[in-house]
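Worksheet for the structure shown next.
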Amino acid sequence: MDVGKGNIFGIMNGFKQFVIPVYQRLYSWEIEQCSTLWHDIVSLEKENKASHFVGSIVNIAENVMPTGVQRFMIIDGQQRLTTLSLLMIALWNFAEKHPGECELKPSKINHMFLENEDESGEDQYKLLLTEADKETFISLVENRPLPEQYSIHIKENYDYFVKQIESRTLELDQVYKSIGKLQIVNITLEASDDPQAIFESLNSTGKGLSQSDLIRNNVLMGLDVRTQSLVYHDL
């Protein structure tokens, strides 16, 4: 187990991809949680605070490849990671529409938080959600129309962040600076850490998992991302 404290900048930067496994529940944060996050960001700047802890992300690293994208399966923390990514998409789009208004370059936001430069297919995206949310999120990253059956939570939360950024409560550079002050504990597990037991422990305080959930997750968790998807649809 590797445990490190940092911010979203350090976690997402580099040729990485964070994948929400097919057995995870859908993205479910609502405006209330996004409002709390935005309030924390504004407070960091207005009150000149040094940092603010927003939680942890627990992941399993796939075998390291000599080239290409390093993948991590998220087993806890998908809600905050997805929400921060939606905020970064809103920030990126605003910077694209208002060039020269800030020191922050849109390309820097894109390559650090959203897309792996020079990669193609799904490898190009730094965050891959479960299938019901994936297309909506990718449509936002690519700045194209949403699918007909879009994810309501993703759209509404993205629209909320767009509205907050456009309000100019903080300038773009200030928003970016404050996001960097949000502290996250990033926990990367190895197979020897028994990820299944940790997953069950992390989910024990929420909605109970059925026996079929536990069996399915136990089968899928030991597989690589692509194989998980194939097996999941056959279960």
Which of Leu91, Val141, Phe72, positive extreme of dipole for the stretch 2-195 (C-beta unit charges):
Leu91
How would Cys34, Cys102 line up from fewest to most surrounding beta-carbon atoms within 10 angstrom?
Cys102, Cys34
Output needed for the stretch 2-195: three equivalent-ellipsoid semi-axes, defined as square roots of 5 times the C-alpha gyration tensor eigenvalues, in descending order, whole Å.
25, 20, 17
For the stretch 25-106, give the magnitude of the charge dipole about the Cα centre (Cβ charges: +1 Lys/Arg, -1 Asp/Glu; no others), in debye to the nearest 20.
180 debye
Inter-site label distance for Phe53 and Phe15 at 7 Å from Cα along Cβ, in nm
3.5 nm
For Thr130, Thr36, what's the fewest-to-most ordering of other Cβ within 10 Å of each Cβ?
Thr36, Thr130
Computed lengthening from His111 to Lys163, 0.36 nm per intervening residue step minus Cα-Cα distance:
16.4 nm
Expected output is a single nm value to one decimal: the length gained when fully extending between Ile152 and Gln183, i.e. 0.36 nm times separation in residues minus the C-alpha distance. What is it?
8.4 nm
When each of Lys105/Lys177; Lys5/Lys97; Lys49/Lys155; Lys16/Lys105; Lys49/Lys134; Lys105/Lys126 is checked by Cα-Cα distance, pairs over 25 Å:
Lys5/Lys97; Lys49/Lys155; Lys49/Lys134
If you rank Glu117, Glu142 by fewest surrounding Cβ atoms within 10 Å, what's the result?
Glu117, Glu142
Looking at the stretch 47-123, which trypsin sites (Lys or Arg not before Pro) are in a loop (DSSP not H, G, I, E or B) and have at most 16 other Cβ atoms within 10 Å?
Lys49
Would you work out which of Ile41, Thr82, Asn7 lies farthest towards the positive end of the dipole of the stretch 3-119, given +1 charges on the beta-carbon of Lys and Arg and -1 on that of Asp and Glu, about the Cα centre?
Asn7
Non-local amide H neighbours of Gln183 (under 5 Å, H modeled in plane, Pro and chain starts lacking H): which ones?
His52, Phe53, Val54
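All of the numbers you see were taken from the coordinates with simple rules; none came from a lab. Note that the structure is predicted; figures quoted are calculated from it, not measured. Heads up, the Cβs are rebuilt from the backbone with ideal geometry, glycines too, and the neighbour counts pull from every protein chain shown.
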